[in-house]
Amino acid sequence: MAGRSFTLRIGLFLLIAAVAIGVGYVLLKPSDQLPVYHPNQLDPRLVDPAVKGRKGEHHIADFDLIDQFGGHFTMADVKDRIIVADFFFTTCATICPKMTNQLERVQEAYKDEDRLLLLSHSVTPEMDSVPVLAAYAELHHADPDRWRFLTGDRRQIYALARKSYFAAMDEGDGGPDDFVHTENFVLVDRQRRIRGFYDGTSTVDVDRLIGDIAKLLKEEKAP
């Protein structure tokens, strides 16, 4: 009888231990679900004063810019694709070449993925004309179906950088004396919500972006 009682206690102990281990694994294992970022969750330096305190879900604003082919490009042209956005200029000799090279890696990693679109916005649109952007896109082997380079209205581009993508820490109005220079890549889902920020000059961080795109594509595919 004593032996049976001992066996039951051991069995109960092992069952409790197995349940505890299972619960611990579920709680501690990394989640495949990416966060959804809103202004009040971000470094205040990234959030334009006009957006601070705004409640509800944050979504990237619509836009009307010009791509490397000279056509108007809007959010309607993005359709229901995931976005990776950055802000650059073609004459930059510091961080921009590194960023564009890293975006080449992202494009290559998802060369057969129609649900992903890279958007590179020029912060010197007065210099980055359509022919300049077309040459730059060709230099970096940009697939036009998966990577668009955008120019157009300067104030609109700067408002996107600061009020939509939260890609720049400095304040400004997009005027002639204003300038955005940021290494941030921003990952956006099909609902136009921000899902990640990455240092576009860092191979390690862009590796993280490539992995997070896979997570987001899996999430978007789920019913």
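Values in this text are rule-based calculations from the coordinates and carry no lab data. Since the structure is predicted, the reported quantities are computational estimates derived from the model, not experimental observations. Using ideal geometry, Cβ is built from the backbone for each residue, glycine included, and neighbour counts are taken over all protein chains shown.
Laid out as a table, the results:
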| quantity | calculated |
| --- | --- |
| Whole-Hz ³J(HN,Hα) from phi, Karplus 6.51 cos²θ - 1.76 cosθ + 1.60, for the range 97-103, glycine and proline x | x, 5, 5, 5, 5, 5, 5 |
| Stretchable slack from Cys92 to Asp170, in nm (0.36 nm times residue separation minus alpha-carbon distance) | 26.3 nm |
| Mean-position separation - Cα centroids, the range 85-114 and the range 180-199, in angstrom | 13 |
| Kirkwood-type radius of the range 39-221, with distances r between different C-alpha atoms, in Å | 16.3 |
| Cα-based reach from Lys218 at 19 Å (exclusive), listing aspartates and glutamates while leaving out same-chain residues under 8 positions away | Asp32, Asp80, Glu108, Asp112, Glu113, Asp114, Asp189, Asp207 |
| Packing-based exposure ordering (other Cβ within 10 Å, fewest first) of Glu219, Glu138 | Glu138, Glu219 |
| Neighbour-count order for Val78, Val206, fewest beta carbons within 10 angstrom listed first | Val78, Val206 |
| Neighbourhood charge, 9 Å Cβ-Cβ cut-off, centred on Asp189 and excluding it, Lys, Arg +1 and Asp, Glu -1 | +2 |
